[in-house]
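Just below is one structure, and these are the notes that go with it.
The values are calculated or read from the model by the stated rules, or taken from the named source; none is laboratory data. Keep in mind it's a predicted model, so treat the numbers as computed, not measured. Every residue, glycine as well, gets a Cβ built from its backbone with ideal geometry; the counts of neighbours run over all protein chains shown. The accessibility values were calculated without ligands, DNA or RNA, using every heavy atom of the protein model including side chains. Shrake-Rupley method; radii C 1.70, N 1.55, O 1.52, S 1.80 Å.
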There are 2 protein chains.
Amino acid sequence: MSILIRGAVVLTVNDNQEVIEEGDVVVEGQTISYAGPKREWQTSFARVINGRGKLLAPGFVNAHGHAAMTLLRSFADDVPLMYWLEKRIWPVEARLKREDVYWGTLLAIVEMLRSGTTTFTDMYFFMTQVAEAVEESGIRGVLARGLVGVGQQAEKGLEESEQFITRWQDEAAGRITTMLGPHAPYTCPPAYLQKVMRLQEKLNVPVQIHLAETLEEVRRIKEQYGLSPVALLKETGLLERPVIAAHCVHLSSEDIDIMRDYEVHVAHNPGSNLKLGSGIAPVPEMLERGVVVGLGTDGAASNNNLDMLEEMRLAALLHKGSRQDPTVITAHEALQMATKNSARAVFLNDVGMVAAGMKADLIMLDLHKPHLTPRHDLVAHLVYAAQPDDITLVMVDGKILLENGELTTLDEEKIMFQAQERAMHLVREQTEI
Amino acid sequence: MSILIRGAVVLTVNDNQEVIEEGDVVVEGQTISYAGPKREWQTSFARVINGRGKLLAPGFVNAHGHAAMTLLRSFADDVPLMYWLEKRIWPVEARLKREDVYWGTLLAIVEMLRSGTTTFTDMYFFMTQVAEAVEESGIRGVLARGLVGVGQQAEKGLEESEQFITRWQDEAAGRITTMLGPHAPYTCPPAYLQKVMRLQEKLNVPVQIHLAETLEEVRRIKEQYGLSPVALLKETGLLERPVIAAHCVHLSSEDIDIMRDYEVHVAHNPGSNLKLGSGIAPVPEMLERGVVVGLGTDGAASNNNLDMLEEMRLAALLHKGSRQDPTVITAHEALQMATKNSARAVFLNDVGMVAAGMKADLIMLDLHKPHLTPRHDLVAHLVYAAQPDDITLVMVDGKILLENGELTTLDEEKIMFQAQERAMHLVREQTEI
């Protein structure tokens with residue numbers, strides 16, 4: 001079954017940052033077979049979609065998050081980080097059940113599809129339920145069972161990771177890939193990371209880890225090991241594996257050199273870093289040295305939304321202001337960060353661009369909006385002015401998942417109802433204890 | 001004619017930050033006559049609006065901007081500030097005609113109403129056209145003719161200001177108030193500010209000025225006068241008048257003391273300050289010392305949208321991150337900044353709260369959205385997660401201007417068409433020169 005999307009302005013996000021003013025995109029099965037100027041077709045298509053007056057772009061790749069934390073959206077805001085974790089988030093998470101994670105993840109997927117995300121990255125627990133949510137919804141997922149290397153769950157986590165990866169890697173018609181997910185240097189001591197590395201060699205999947213998120217983390221790791229968190233991971237040998245590190249807010253110049261030398265990928269989470277008071281990551285410096293930097297929302301408890309348009313805008317604005325230089329991270333660079341570079345960051349090489357041979361993960365936006373008028377520069381419009389509601393079509397793996405405001409695979413009402421009920425139940429339990 | 005809005009969750013933003021879980025709001029004419037718990041009414045109403053499942057809040061007050069610059073949205077991004085001004089913005093502005101400003105302002109009003117703004121502040125030229133746009137649309141406007149104190153326009157600006165203020169103050173059924181608008185210390189030397197002050201004494205309106213926006217401004221003023229921009233305005237005597245100062249990014253501790261002592265109001269514009277690389281204003285420090293800080297979008301050429309939801313979110317996030325303290329500028333404080341405090345900042349004392357006796361400037365949002373689920377904290381939802389499309393109703397001065405996605409007073413299609421045509425024409429002229 002092939003689909004022709006006809007006459008849209010196409011932001012290819014290819015290596016030439018090509019913008020096709022009046023383009024055709026042909027999708028055959030899961031894949032884009034043509035993306036170029038409008039032409040006459042002799043072929044007959046199962047469907048022709050009118051793209052006139054629309055902007056077509058790669059779907060966003062959310063490089064870091066914890067989907068089911070939607071259940072804790074607005075549960076604890078504007079409080080100190082350790083209080084947030086220890087008194088608010090962890091006690092509730094300790095009572096989360098499989099079904100909570102399932103419905104919380106589905107809520108996240110609804111929100112992500114509605115704001116143009118076609119691939120998300122997840123590090124959480126009850127990952128079987130997360131994989132099922134990916135399978136049912138049609139979205140693409142890069143999934144890791146979060147691992148904490150101390151306490152009773154340490155060994156169990158490794159076992160569950162192996163089972164999960166063996167069961168789900170390349171499943172859901174190839175839309176699921178997996179990772180190992182050691183939480184952070186301060187929760188996974190070197191001896192435990194050694195075990196993770198042995199498992200990595202066996203399973204041959206990348207590793208995702210939180211790294212250098214707060215000054216406090218850097219201080220604690222330095223005190224304990226005499227090294228920065230980045231240098232500690234290098235010492236441990238972890239960085240010789242394919243690694244994506246989330247946050248990377250507090251890096252020394254030497255740390256950035258290590259990241260570059262070991263080709264460590266980064267998931268930049270500007271919204272979460274601001275909201276939790278973690279700080280501002282040295283993204284321009286990382287980009288200058290050639291580090292691959294993708295973009296993530298983190299969980300909804302610390303953002304509080306999963307809107308990659310907002311995250312892309314923050315990435316473009318924040319560093320201009322903090323460095324007092326309006327030329328850093330242009331709109332084009334922010335768009336690349338949210339699409340192609342995020343895909344590279346999570347080790348996917350066939351999404352993030354609109355080009356023949358790539359997976360058909362696309363979004364279309366309606367340009368006929370007051371806040372997108374006049375049309376001087378459409379890349380700037382997408383990065384600095386567009387809103388989730390402008391998105392009229394979301395396609396993942398060649399399948400339309402959202403069209404004209406309606407989700408095609410998910411029962412949104414049921415998901416919102418379940419998420420609301422379960423969240424209220426979890427919080428009531430918390431209050432009662 | 002009276003209207004009852006029944007059963008909404010009401011964020012009053014009154015001095016107790018009261019949230020009414022199931023509230024009634026009664027509007028009589030231009031004014032709120034009741035805002036409190038749901039009750040039985042014997043009165044008959046011209047209309048009863050169902051507020052169940054909705055959030056009702058004061059409309060946003062945009063404390064600083066240049067509405068007609070919508071025509072230059074996405075015309076020049078990611079370039080150095082002086083290049084942006086001298087090579088891109090000013091040459092086009094020099095060719096703007098009355099009708100361009102009229103249509104550009106209407107486009108801004110469409111966008112602002114759609115994102116919940118009920119009062120905007122404007123400093124531009126051809127202000128008669130801006131006033132007409134306010135009158136026709138039903139929005140509330142605080143309007144100032146921008147003044148540059150050097151060159152041929154200096155005296156003409158003062159004359160036009162006097163004519164404009166005399167003609168339009170308290171017009172449009174009281175929805176228009178006016179200000180004097182000396183552009184900035186670096187474009188209005190002290191001798192010119194003296195003239196502005198004499199006019200202020202005669203007309204008795206407040207003064208709006210750009211102040212301490214960039215480090216370069218501070219450096220130039222120090223070099224020329226041996227004083228900071230704030231201290232220079234104090235010396236000149238301007239601060240003894242009612243003044244709102246836009247930006248205030250680069251302030252010394254002494255400057256902030258002066259602002260407090262002279263009760264200078266501030267319009268914080270985080271989006272524009274980031275995008276132009278101006279820096280991050282010391283907002284927590286100003287709030288700690290009791291300075292009144294409102295919130296503005298600035299013009300669409302440097303933002304690139306006029307969405308106060310986004311601006312409010314930026315204000316709440318940015319300072320947490322830059323100070324590494326998640327407790328500064330809570331969601332409640334950001335909401336106050338965008339409503340009540342913005343109203344105070346622009347010298348309006350009867351908007352910005354949902355309370356009996358206040359003008360009926362209100363917005364309602366649909367809470368039944370995935371990104372607003374679950375409902376732990378609705379103030380946090382409004383500040384950290386809501387989108388313009390969630391807004392279902394906008395009322396200004398007791399009149400409904402937007403309901404269920406439709407504007408009631410403006411021809412949106414015609415406005416977008418005119419804005420697009422005029423912007424393209426302006427840019428073509430630029431290229432041809």
- prompt: Since B:Gly151 meets every condition but one in (1) free of Cβ contacts under 8 Å to residues at least 24 places away in the same chain; (2) not in a loop (DSSP other than H, G, I, E, B), which condition does it not meet?
  reply: (2)
- prompt: Among the candidates A:Val292, A:Val283, A:Val266, which residue alone is of a type in the set (A, V, I, L, M), modelled with pLDDT of 95 or more and open to solvent by 10 Å² or more (accessible area, probe 1.4 Å)?
  reply: A:Val292
- prompt: Looking at A:Val142, is it within 22 Å of A:Ala345 (Cα to Cα), assigned to a strand (DSSP E or B) and among the aliphatic types (A, V, I, L, M)?
  reply: yes
query: Do we have any residue at all in segment A:196-206 that's closer than 28 Å to A:Met82 by Cα, in the same structural domain as A:Met286 (by TED's automatic domain parsing), touching a Phe, Trp or Tyr at 6+ places or on another chain (Cβ under 9 Å) and at pLDDT 95 or above?
result: no
- request: Would you be able to say whether some residue in segment B:360-378 is more than 25 Å from B:Val26 (Cβ to Cβ), at pLDDT 95 or above and among the acidic types (Asp, Glu)?
  value: yes
- request: Please indicate, with yes or no, whether at least one residue in segment A:42-59 is of a type in the set (Gly, Ala, Ser), assigned by TED's automatic domain parsing to the domain that holds A:His332 and modelled with pLDDT under 95.
  value: no
query: For A:Thr408, which of the numbered conditions (1) more than 25 Å from A:Arg98 (Cβ to Cβ); (2) open to solvent by 20 Å² or more (accessible area, probe 1.4 Å); (3) within 13 Å of another protein chain (Cβ to nearest Cβ) fails to hold?
result: (3)
statement: The residue from A:Gly277, A:Gly271 that alone is in a helix (DSSP H, G or I), of a type outside the set (A, V, I, L, M, F, W, C) and within 14 Å of chain B (Cβ to nearest Cβ) is A:Gly271
- request: Filter segment B:8-28 down to residues that are out of contact with any helix residue (DSSP H, G or I) (no Cβ under 8 Å at 6 or more places or on another chain) and open to solvent by 40 Å² or more (accessible area, probe 1.4 Å), then give me how many there are.
  value: 6
message: Of the conditions (1) in contact with a helix residue (DSSP H, G or I) (Cβ under 7 Å, 6 or more places away or on another chain); (2) within 13 Å of chain B (Cβ to nearest Cβ), A:Glu285 satisfies every one except a single condition; which number is it?
response: (2)
query: Looking at (1) polar (S, T, N, Q); (2) buried (at least 24 other Cβ atoms within 10 Å of the Cβ); (3) farther than 30 Å from B:Arg323 by Cα, which is the only condition A:Gln208 fails?
result: (3)
task: Determine which member of the set A:Lys369, A:Lys399, A:Lys340, A:Lys359 is of a type outside the set (Ser, Thr, Tyr) and not assigned by TED's automatic domain parsing to the domain that holds A:Val19.
output: A:Lys340
message: Looking at A:Asp78, A:Asp100 in this structure, which one is touching a residue at least 24 places away in the same chain (Cβ under 8 Å), farther than 21 Å from A:Ile363 by Cα and not assigned by TED's automatic domain parsing to the domain that holds A:Gly7?
response: A:Asp100
- prompt: How many residues are buried (at least 19 other Cβ atoms within 10 Å of the Cβ) and more than 24 Å from B:Asn204 (Cα to Cα) when one looks only at segment B:220-243?
  reply: 2
field: Qualifying positions in segment A:359-373 - surrounded by fewer than 24 Cβ atoms within 10 Å (Cβ to Cβ) and either in a loop (DSSP other than H, G, I, E, B) or of a type in the set (Lys, Arg) (or both)
entry: A:Leu367, A:His368, A:Lys369
- prompt: Any idea how many residues of segment A:232-262 are assigned to a helix (DSSP H, G or I) and over 25 Å from the mean Cα position of the chain (by Cα)?
  reply: 5
- request: Report whether or not B:Gly174 is open to solvent by 10 Å² or more (accessible area, probe 1.4 Å), in a loop (DSSP other than H, G, I, E, B) and either at pLDDT below 95 or farther than 18 Å from B:Val346 by Cβ (or both).
  value: no
- line: Filtering segment B:374-398 for residues that are outside any loop (DSSP other than H, G, I, E, B), under 20 Å from the mean Cα position of the chain (by Cα) and buried (at least 20 other Cβ atoms within 10 Å of the Cβ) leaves a count of 9
- request: Kindly indicate which of A:Ser278, A:Ser253, A:Ser272 is among the polar types (S, T, N, Q) and out of contact with any strand residue (DSSP E or B) (no Cβ under 9 Å at 6 or more places or on another chain).
  value: A:Ser253
message: Looking for something among the small types (Gly, Ala, Ser), outside the structural domain of A:Met364 (by TED's automatic domain parsing) and over 19 Å from A:Lys414 (Cβ atoms) - is there at least one such residue anywhere in segment A:135-142?
response: yes
field: Within segment B:315-354, tally of residues that are within 13 Å of chain A (Cβ to nearest Cβ), touching a residue at least 40 places away in the same chain (Cβ under 8 Å), open to solvent by 10 Å² or more (accessible area, probe 1.4 Å) and part of a helix (DSSP H, G or I)
entry: 3
